[in-house]
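Peer 1: Just dropping this structure here.
Readers should treat all values here as calculations from the given coordinates under stated rules, not as data from a laboratory. Keep in mind the model is a prediction, meaning the values are calculated, not measured. All Cβ positions, glycine included, derive from the backbone under ideal geometry; neighbour counts span all protein chains shown.
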Amino acid sequence: MVGSFLGMRGALLTLILGSICGSVLGYGYIKATGKDAATYELPFGTFLGGAALAAAIVGPTVLGWYGGCRRARRPHFAVVMHSEAF
């Protein structure tokens, strides 16, 4: 349902942000409470909901920044032809 509101790029951004936030906060919570990581179940939907809100608010800015980084790293090759060589 997130994809229908945010589009494909927004849904992928939501999945990435939710996974990163869930991993970092879940790891911190497990270490802070001393729970067994193998048996603790972390609810993933709450992180996806928060990430969807973040993607809706700052998603175009983040995607624009990332798109700019990708374009800047692409090498530019120019073929120069001199008329004197012919």
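Peer 1: Apply the Karplus parameterisation 6.51 cos²θ - 1.76 cosθ + 1.60, with θ equal to phi minus 60°, to every residue of segment 13-21 and state each ³J(HN,Hα) to the nearest whole Hz, in sequence, with x for glycine and proline.
Peer 2: 5, 4, 5, 5, 5, x, 5, 5, 5
Peer 1: For the pair residue 56 and residue 19, how long in nm is the line joining their label points, each one 7 Å along Cα→Cβ?
Peer 2: 2.3
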